[in-house]
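The values are calculated or read from the model by the stated rules, or taken from the named source; none is laboratory data. Since the model is a prediction, treat every value here as computed from it, not as a measurement. Cβ sites come from the backbone with ideal geometry, for glycine too, and all protein chains shown count toward neighbours.
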Amino acid sequence: MTAPHAPSVDLASRWLGGTVVAASDESFGDKENLLTPGTAVFEPGRYGNRGEIVDGWETRRRRRGGHDWVIIRLGAPGIISAVTVDTSSFTGNYPEHCAVHACGYEGYPGPEELTDEAADWIEIVPTSPLSGDCENVFAVTDPQRFTHVRLSAYPDGGVARLRVTGQVVPDPRGLEELTVDLLSQSYGGVVVASSDDYFSAAAALNRPGLARTMGEGWETRRRRDTGNDFVVFRLAFAGQIRRLIVDTSLFRYNASDSVAVYGGTEDQLLASRSSSWQPILPRTGVQPDTWHEFVVRHQEPVAAIRLDAFPDGGLSRVRAIGSIDQAARRLAGYRWFNTLPAAQAAVVLVAEGIPADDAAELAGGRPLGMSRRGEADHGALLAILEGRHPPRR
């Protein structure tokens, strides 16, 4: 069995919808290269109209002071645990130092809002030296939920990739009205363990979107014993699963022969083979290169699932479609609101009709919890936290 997977993802990943909003300059290398999945590829001696072609973001040489910057919208907002500034292949042209700031913003702000003086940027990585041609990893300890990050490069130069590792904190407003993929990385579902990741990692199974190659799914080595492979997921929200999707697309000669799925609680996540897991889908045959949809009639909410793949092979994607359990929705609401930066929390409350002075007081009185519900005596606030009615727009 592989070691348990860290419950974190690249919040800026293109898989989750991350994008580059704006940059001060991109004369030699496009800013969008920063979020390209996979490692940077550099081929020396290839030139275009802008000079040697680089797989990264590279700015012109500054002659009049100042520094360069780039702003990223996270594909999935969340709590950041580390930022990786990858300078691979940049040896004589990387920035000497960098700094990283982050902010929480409602809606979909553009460059004008994000570069305005009123934007509430918070330093999460102080100005720090960079090394060339390597991954520079910086730990982040700020516990707030952010939607955007800004990388500052001092004074100029090239960065191949930017990774923003952390835990997704979904905005649950209105989700209580919907049927969703409880397993999706977009909401915070994670792979916590798998039996084998020999050819490609199980962590790809709950990504949004479809796999484009076998390498973007989960594939294990060929088993020579009588056992089977498995993967354990923590759901983004505990809920009632109504449909399971098992996608073997692109696995034509090496797909798993059959699968079985079990549901469990948070406490069972590390007990992958425990007999207390409850059957959700009995062992069922699957076809190669096929999108399978299975109706589920399990009535109890589950917080985790274990998928057994017989005997080995490959799967592209797994989805758990269902509704969020009411208690899980409340917990998600409190976690989301308590981790918002203060300025964003106040904006949320004012948008719900709470007077600005009261909004500022409530935002400053966090964290709120179930034991402090009496302090959150605004009906609009409780509606936000506990999902009592659809949010006002």
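Looking across the range 28-62, just one residue is aromatic (Phe, Trp, Tyr), surrounded by 16 or more Cβ atoms within 10 Å (Cβ to Cβ) and assigned to a strand (DSSP E or B), and that is Trp57. In the range 92-141, the qualifying residues are those that are crowded, with 17+ Cβ neighbours inside 10 Å and of a type in the set (Ser, Thr, Tyr), and the one that is farthest from Thr59 (Cα to Cα) is Tyr105. If you go through the range 107-143 and keep only what is outside any helix (DSSP H, G or I), charged (D, E, K, R) and free of Cβ contacts under 8 Å to residues at least 24 places away in the same chain, you end up with Asp116, Glu117. Just one of the listed residues (Asp267, Asp257, Asp312) is surrounded by 18 or more Cβ atoms within 10 Å (Cβ to Cβ), more than 24 Å from Asp171 (Cβ to Cβ), of a type in the set (Asp, Glu) and not assigned by TED's automatic domain parsing to the domain that holds Ala76, and it is Asp312.
Of the residues in the range 202-215, not one is assigned to a strand (DSSP E or B), touching a residue at least 40 places away in the same chain (Cβ under 8 Å) and either of a type in the set (Ser, Thr, Tyr) or touching a helix residue (DSSP H, G or I) at 6+ places or on another chain (Cβ under 9 Å) (or both). Here the range 151-190 is the region considered, the condition is being buried (at least 21 other Cβ atoms within 10 Å of the Cβ) and touching a Cys at 6+ places or on another chain (Cβ under 9 Å), and the residue that is nearest to Glu58 (Cα to Cα) is Val159. Report yes if Val190 is more than 24 Å from Lys31 (Cα to Cα) and of a type in the set (Val, Ile, Thr), otherwise no. In short, yes.
Condition first: within 26 Å of Thr127 (Cβ to Cβ), assigned by TED's automatic domain parsing to the domain that holds Gly17 and part of a loop (DSSP other than H, G, I, E, B). Can you find one or more residues in the range 68-75 that meet it? Checking the range 68-75: not a single residue is within 26 Å of Thr127 (Cβ to Cβ), assigned by TED's automatic domain parsing to the domain that holds Gly17 and part of a loop (DSSP other than H, G, I, E, B). Within the range 69-103, the set of residues being β-branched (Val, Ile, Thr), within 16 Å of the chain's Cα centre (by Cα) and under 27 Å from Ala118 (Cβ atoms) comprises Ile72, Ile79, Ile80, Val83. The set of residues in the range 46-72 being closer than 12 Å to Ser152 by Cβ and of a type outside the set (Val, Ile, Thr) consists of Gly66, His67, Asp68, Trp69. As a summary of the residue check, Ile354 satisfies the conditions (1) at pLDDT below 95; (2) surrounded by 21 or more Cβ atoms within 10 Å (Cβ to Cβ); (3) in the same structural domain as Leu250 (by TED's automatic domain parsing); (4) not basic (Lys, Arg) except for the one numbered (3).
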